[in-house]
Amino acid sequence: AQSVTQPDIHITVSEGASLELRCNYSYGATPYLFWYVQSPGQGLQLLLKYFSGDTLVQGIKGFEAEFKRSQSSFNLRKPSVHWSDAAEYFCAVGLKIAGGTSYGKLTFGQGTILTVHP
Amino acid sequence: KAGVTQTPRYLIKTRGQQVTLSCSPISGHRSVSWYQQTPGQGLQFLFEYFSETQRNKGNFPGRFSGRQFSNSRSEMNVSTLELGDSALYLCASSLTGRPPTDTQYFGPGTRLTVL
């Protein structure tokens, strides 16, 4: 069964500092990969996704992620964090199957809470 | 275009009661998925509906059920509530429910507390 691990439960950075959130997956093939953000009291918002092609993916709000097949990782990065980036971040893995996958087959990581200090 | 709306936003029930949550997807979206989010278990998929048919189902007991109407609005029902059902229930909609080209949009959730 596929699994997703976000090793860091909580990360604290200073505003303006760079950020990297880790995501590792366990799966026998290249899956679809997603990063979502959830602000307090809100639903999830898609930041970016990878399914093929260039392994460096650009997303919204200045985020990017790099797919590394050899490390089974899909880490999220941002060069300069803003106070408004404080939220919880979720990595998710989707199963590629014949006939197409569905969002019902996504597996989510446990989330990483990001705190930003002024 | 209006986003995904969920009603009610907050709900308090007692053990043994049943509850119905509602989700209105973005106009034109035919796929609606439901998720349960708890601090201990994280985000877990409940079920997905597409064009009034349940297309996928997660590993939840039969007390959890859902349906989708012809206008794509969806409801989920939990019968015989247990304390462990306290959670944030998220609804998400998309055009076809098929990633990665089709993007899924989440609603703000319904916070259910079972006393």
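For the protein assembly as shown, the share of DSSP beta bridges that are antiparallel, to the nearest 5, is 90%.
Taking amide H atoms as placed 1.01 Å from N in the peptide plane, the amide H of A:Leu47 lies under 5 Å from those of A:Trp35, A:Tyr36, A:Val37, each 5 or more residues away in sequence or on another chain. Remark: region B:69-75, residue by residue, has Karplus-estimated 3J(HN,Hα) of 9, 5, 8, 6, 4, 10, 10 Hz, where x stands for each Gly or Pro and the curve is 6.51 cos²θ - 1.76 cosθ + 1.60 at θ = phi - 60°.
Qualifying GluC sites (Glu not before Pro) in region A:15-118, where qualification requires a DSSP coil assignment and no more than 15 other C-beta atoms within 10 Å, comprise A:Glu15. Within a Cβ distance under 13 Å of A:Trp35, other residues only, what is the Lys/Arg minus Asp/Glu net charge? Local charge sum for A:Trp35: 0. Mind telling me which of A:Gly62, A:Gly94, A:Gly41 comes out most flexible in a GNM of chain A, alpha-carbon contacts under 10 Å? Ranking A:Gly62, A:Gly94, A:Gly41 by mean-square fluctuation puts A:Gly41 first. Rounded to the nearest whole angstrom, the semi-axes of the ellipsoid equivalent to the protein assembly as shown, taken from the Cα gyration tensor as √(5λ), stand at 29, 21, 16, largest first.
How high is the relative contact order of chain B, in percent, counting Cα pairs under 8 Å that sit 6 or more residues apart? Working shown, then result.
Details: 302 pairs, mean separation 41.1, N = 115.
In percent, rounded to a whole number, it is 36.
In chain A, Cα pairs under 8 Å separated by at least six residues give a relative contact order of 37 percent. Pairs of Lys residues in the protein assembly as shown that lie 8 or more places apart, or on two chains, and have C-alpha atoms under 19 angstrom apart add up to 11. Proximity of backbone amide H atoms, modeled 1.01 Å from N, is registered between A:Tyr27 and no other residue at under 5 Å, excluding neighbours fewer than 5 places apart on the same chain. Scalar couplings 3J(HN,Hα) for region B:79-87, obtained by applying the Karplus form with A = 6.51, B = -1.76, C = 1.60 to θ = phi - 60°, are 9, 6, 4, 10, 4, x, 7, 4, 5 Hz; x denotes Gly and Pro.
Panel note: the C-alpha atoms of chain B, placed on their principal axes, show extents of 39, 27, 26 Å (largest first).
Mean partner shielding of peptide A:110-116, defined as the number of other chain Cβ atoms within 10 Å of each residue Cβ, is 1.
Please compute, over every Cα-Cα pair in chain A, the percentage with a separation greater than 17 angstrom. Beyond 17 Å sits 52 percent of the P(r) for chain A.
Other chains' Cβ within 10 Å of B:95-105 residues: what's the mean? Counting Cβ atoms of other protein chains within 10 Å of each residue's Cβ and averaging gives 6.
What does the net charge come to around B:Leu21 if you take all other residues with beta carbon closer than 14 Å to its beta carbon, with K and R at +1 and D and E at -1? Neighbourhood net charge equals +4.
Most mobile of B:Gly40, B:Gly16, B:Gly58 per a Gaussian network model of chain B (Cα springs, under 10 Å)? With Cα springs under 10 Å in chain B, the top fluctuation among B:Gly40, B:Gly16, B:Gly58 is at B:Gly40.
Values quoted throughout were computed directly from the atomic coordinates according to the rules given, and no laboratory measurement underlies them. None of the values given here were measured: they were computed from a predicted structure. Quick reminder, even Gly has a Cβ in these numbers, built from the backbone with ideal geometry, and neighbours come from all protein chains shown.
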